[in-house]
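A short reminder: the numbers here are calculations on the coordinates, not readings from a lab. Model, not experiment: these values are computed from the prediction. Using ideal geometry, Cβ is built from the backbone for each residue, glycine included, and neighbour counts are taken over all protein chains shown.
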Amino acid sequence: MSRFEEAKEKYASIGVDVDKALDTLSKVRISMHCWQGDDVLGFDSDSLTGGIATTGNYPGKATNPDELMADISKAYSLIPGKHKLNLHASYRITDEKVDRDKIEPKHFSAWVDFAKQEGIGLDFNPTLFSHEKASENMTLSHPDKNIRDFWVEHCKASRKIADYFGKELGITALNNIWIPDGTKDVPGDRLTPRARLKESLDEIFTVKYDKQNIADAIEGKVFGIGVESYTVGSHEFYMNYAAKNNLMCLLDTGHYHPTEVVSDKISSMLLFNDQLALHVSRPVRWDSDHVIKLDDELKELAKELVACNALNHVFIGLDFFDASINRIAAWVIGMRNMQKALLLGLLTPNTQLSKMQDERNFTELLATMEELKTLPFGDIWDHFCEMMNVPVGKDWFKIVKEYEKDVLLKR
């Protein structure tokens, strides 16, 4: 009997259907973020502003669309299943001199061609940072109406592009708005900037699109670099705006107080929303966007998604950028860890655990949850990789190192 078969029997003994778990996991599309590949620079700016920062100078980062696409394709070849790619508006591909308020679907047609070639979907984000009109950490809430209008038009154009992605690829595109707006020190007026932000959002969402093509989300944050004391787009602001306007309030795992955990928020959000959007990163004391590890919170996050039967209702995207390590390895580690966490959730006898809790069998609940930690999950994961025709174990790393030697170090 193979190790997989033995592991499968052990999970069956606690009521878990391994084949069903693997089939479910194979259908989950995770949105891999393009900006890990070039340290968030994009193709229309030379520097980062708006509280965005990367550290490190590992060799071989992508410097043009062809290099970035090649690196993304290499990463996908090492990740089980078919997924999505999350684009920022700053990654448009065009020879035209066009500012962000004038971007059109045609400026992203090369990405659609790439997505069709890879068999993936596309998500989108307007880019409200690294631009002269975002230099003061104020965009949609800026006191200058001309600047606000510029960013409103940018966000409206971005929604049109996301709709184009959905139509072309037949996979719903998440369009997510995040802004860097806020103040470094305690503000003299918290209300007025938020009123301006609300007015800007109202204008952005006046156009209605087919929800089969585009899903709209807005993303809050506790604080950021340069806006340590006041963030206009706070979690409370966006949660209320989203609820009132039938939008998704995207939860970024790095955008909360260090003692908060997003896993605890999922069930509450799903009770009042048909869909949920996530950006998964790993904060180290702050929103530092480290590559995600298979740590306790990631496992708990994934377990909640499975236990809440939310995998068909959630947009899972990754959001980290580390310039101190091989960027392709960062993608592969993060994507595979997200899948491992989901598999652990799918291999959890959630119905039985819920029953123990309802019957107040807390001793058995604790004992069972602890025993789950030593079940042979790794053998199930290795089998999944074999099923998906990707490297098992750490074999993928050898391929990345060869690519680094043959391609990255020659840039």
Sequence-distant residues sharing a close amide H with ASP216 (under 5 Å, placed H): ASN175, MET248
How tilted is helix 235-245 with respect to the longest principal axis of the chain? Cα atoms for both, answer in degrees (0 to 90, nearest 10). 90 degrees
Calculated FRET value between ASP101 and LYS167, using beta carbons and R₀ = 22 Å, to 0.05: 0.50
How would SER135, SER263, SER288 line up from fewest to most surrounding beta-carbon atoms within 10 angstrom? SER135, SER288, SER263
Near LYS167, which aspartates and glutamates are there with a Cα under 19 Å away, not counting those fewer than 8 places off in the same chain? GLU104, ASP113, GLU118, ASP123, ASP210, ASP216
Between 0 and 90 degrees, rounded to the nearest ten: what's the tilt of helix 65-76 against the longest Cα principal axis of the chain? 20 degrees
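What does the extension gain come out to for GLU260 and LYS405, with contour length at 0.36 nm per residue minus their alpha carbon separation?
Length gained between GLU260 and LYS405: 48.1 nm.
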Neighbour net charge for THR55 - beta-carbon separation under 12 angstrom, K R +1, D E -1: -3
Along the stretch 267-278, Karplus-curve 3J(HN,Hα) (6.51, -1.76, 1.60; θ = phi - 60°) to the nearest Hz, with x for Gly and Pro, reads 4, 5, 5, 6, 5, 10, 9, 6, 9, 9, 10, 10
Can you show me the helix-derived [θ] at 222 nm for the chain, built from DSSP H runs with n ≥ 4 at -39,500 (n - 2.57) apiece and divided by the number of residues, rounded to the nearest 500. -13500 deg cm²/dmol
When you take every Cα atom in the chain, what is the radius of gyration, and what is Dmax, the widest Cα pair distance, in Å? 21.5, 70
Once both labels are modelled 7 Å past Cα along the beta-carbon direction, what's the SER73-GLU132 spacing in nm? 3.7 nm
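What ranking, highest mean first, results for peptides 361-374, 78-91, 16-29, 148-161 when packing means the other Cβ atoms within 10 Å averaged over each residue?
Values: 361-374: 12.1, 78-91: 22.6, 16-29: 16.5, 148-161: 20.9.
Sorting 361-374, 78-91, 16-29, 148-161 by mean packing, highest first, produces 78-91, 148-161, 16-29, 361-374.
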Report the gain in length on full extension from THR374 to SER2: 0.36 nm times residue separation, minus Cα-Cα distance, nm rounded to one decimal. 132.1 nm
Straight distance only, please: which lysines reach the Cα of LYS410 with their own Cα at less than 30 Å, same-chain residues fewer than 8 apart left out? LYS61, LYS74, LYS82, LYS84, LYS97, LYS116, LYS293, LYS394, LYS398, LYS401
Helix 377-387: inclination vs the chain longest Cα principal axis, degrees, rounded to 10, gives 70 degrees
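For a footprinting-style exposure proxy, rank ARG190, ARG100, ARG327, ARG196 by other Cβ within 10 Å, fewest first. Don't jump to the answer; show the numbers that get you there.
Values: ARG190 13, ARG100 23, ARG327 28, ARG196 19.
Listed from fewest to most nearby Cβ atoms, that is ARG190, ARG196, ARG100, ARG327.
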Whole Å is fine, so just give me how far the alpha carbon centre of the stretch 1-75 lies from that of the stretch 132-146. 33 Å
Compute the separation of the alpha-carbon centres of the stretch 194-223 and the stretch 281-337 and state it in Å as a whole number. 24 Å
